[in-house]
Structure formats: structure tokens, C-alpha cells
Amino acid sequence: MEKIVLAAPRGFCAGVAYAIEVVNLALKIHGAPVYVRHAIVHNEWVVRDFESKGVVFIEDVDEIPEGEVVVFSAHGVSPAVRAQAKARSLTVIDATCPLVTKVHNEAKRFAAKDFLMVYVGHRGHVEAEGTMGEAPDRMILVETAAEAEELELPPHEKLALVTQTTLSVDEVREIVEVLQRRFPHLQLPQKEDICYATTNRQGAVKALAEQCDLVIVVGSTTSSNSNRLREVAESYGADSVLLMSPDEMDPSWATKYGTIGITSGASTPDNLVEDVIGRLLEWTPGAPVEVLETVREDVEFLPSRQLVALAMAQE
């Protein structure tokens, strides 16, 4: 191995940092246990760390004792889940990423104007379930360009597009091209639904893949954006692996590859990246570590003043 190249930007996006801060504030205000619906972000290390502090992760709010505190994860929830929480008299703290909330609001606006919607996303993903829950009777999910080619729509006058925030930029572009060719009256959102962090990290990994023989994506297999990073690196010519721990690394990489690139998903803490760098340096002591910066991010989402004030009152 001749050198290590780190992608920038990588790791935590503003939405993940926001969600983690919201859970920490909830713990400070209410004390353990605090219940969180679904993994707060798709990273096992973050989840285990919160569990050690008294956070209980559940998939169904009916599992939560009446009157307790529930935090909705960064991925958002459907109106049906909100109604369930209200019926159980739960104290709701919302950690939904503001960019996911934006897509929910688009879906509500389109539904109010009698649009049929095509939702581009991954079946079963919690973000997709939450957004489609805003208008389940007028939203049809499409996952691939092949599905878009075969799509049969019910009778409608107006058609709109809504997408998951963590998809591959290139893949969505391909799907949208098919949809626009087949349905020229398709209306797109005023601003692209794929979030800035997903776009920036995919741009950074493209640049990384062009100068690296192997790209290591540090992230969870359950993380949509981490999986997309691995796929993008591979599609741009580099070998690529997705892993969470140095224990998943192969010592032969140090002799097989000249330049190794590293990036990480939007829900991956930087200490996990440092662990991976440390293992590579054990195999090749003294290898230079460079940073490849493609864009500088300055986005920040702040918890509500009310939540911050309540937490400060506990100090």
C-alpha cells in the first residue's frame, strides 16, 4: 500500500447529528428509559451506545407503556404512527431529519391537489414507509429503471414525483428519465428530494474511486446511503467493500492495492473511520494519509429552543 486517501465530506450529516443531539437532550430532560421508534440512525455502534445509556429501541409504539417518552427516528414516521402515539398518551419528541420532513410536506401538498404520485425508493425502508404513509392511496413505489419501464398507472389527471432522500443520484436520474419519457406530464418537486449530504458524499466517492484501487466504505449494511456509496465506488472502477469494523478487513489488501480510499456513510461516527485507518497503518507503518476534499459543508440543524431550554433547566 502506497497511500491512504480520505474522502471529504464523509460521515455524519446534519440530519444525523441533529437526531443524535435530540436523543441526548431527551435523556437529559426525562432520564432513562427513553423509547426510540426504530434505530435513531442506521448504525449499530450508535444504537449500542444509546442502549448503554438507557435508550430502548422499538419498532411498534404499541410496545411502549402508556404515558412514556418516545423519540421518532431521523427517518420519519407516517401519520398512522403519530396517531398511535397520541392514542397511548406518549410524550413525542421528533428527531425526523428536516430534509425528510420536506419530502413528507411535498407528498401532503401533492395529495391535497389530487395528484397521483410515483415514489422512487427502496421497498421496506423505514423512510419510504413513513413518506408513503402520508398518502397511501395515491402513491406507487418504483425501485428501478426496469420497474419504471413496466409501470402501469391507474387513471389520473395529474402525476408527480417524490423520492427517498438517500438514493443513488445516478440511479434516480436514470429512473426519472424513463418516467419522464413514458409520462411527459410528470411534475417534479421544486427542489430535488435527494439530500445535500447524499449528493455530496456520492460526489466525493466518485472522485475517490477515480484515483484509488480499493474504496472502503465504513458504515452499516442497514444504511441505505452507505450501500449506495459502495455501489457508486464500484461503478466508477474501484474495488469496494462496506464494513463496520477493522475485524472485517483483510491483511492482503495492504499488498494487493497501491492506493486505498476511505469514506463513510452519513450515520457513521468518525471514530470507526479512525479504527480502520489505524488497522491499515498497522499493516503499512508510515503510509501517508491524504484528504481529498470535493466540497465543504456548513449545514446545521438545531433542536427546538424549547427542547434546549428544558435540558438546560435540568443542569
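We did not get these values from a lab; they are worked out from the coordinates using the rules stated. All values derive from a computational prediction rather than experimental measurement. Glycine also receives a Cβ, built like all others from the backbone with ideal geometry; neighbour counts cover every protein chain displayed.
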If you stretched the chain out fully between V92 and E63, how much longer would it get, using 0.36 nm times the residue separation minus the C-alpha to C-alpha distance? 9.0 nm
At 1.567 mPa s and 4 °C, Stokes diffusion of region 23-73 via Kirkwood alpha-carbon radius, µm² per second: 120 µm²/s
With r as the distance between the Cβ atoms of V289 and M312 and R0 = 41 Å, compute the FRET efficiency 1/(1 + (r/R0)^6) and round to 0.05. 0.55
So between K53 and D170, what do we pick up on full extension, going 0.36 nm a residue minus the alpha carbon distance? 38.2 nm
Assigned charges on the beta-carbon of Lys, Arg, Asp, Glu; region 108-187 dipole about Cα centre (debye): 400 debye
Normalized C-alpha radius of gyration of region 194-315, against 2.2 N^0.38 Å? 1.24
Please order I29, I140, I194 by the number of other Cβ within 10 Å, starting at the fewest. I140, I29, I194
Residues S52, S235, S240 in order from fewest to most other beta-carbon atoms within 10 Å are S52, S235, S240
What's the magnitude of the charge dipole for the chain around its Cα centre, counting Lys and Arg as +1 and Asp and Glu as -1 at the beta-carbon? Answer in Debye, nearest 20. 900 debye
tail above 28 Å in the computed P(r) of the chain, as % of all Cα-Cα pairs, reads 45 percent
Using alpha carbons only, what's the Rg to Rh ratio of region 134-206 with Rh from Kirkwood? 0.98
Please grab the % of Cα pairs in region 72-154 that end up more than 17 Å from each other. 50 percent
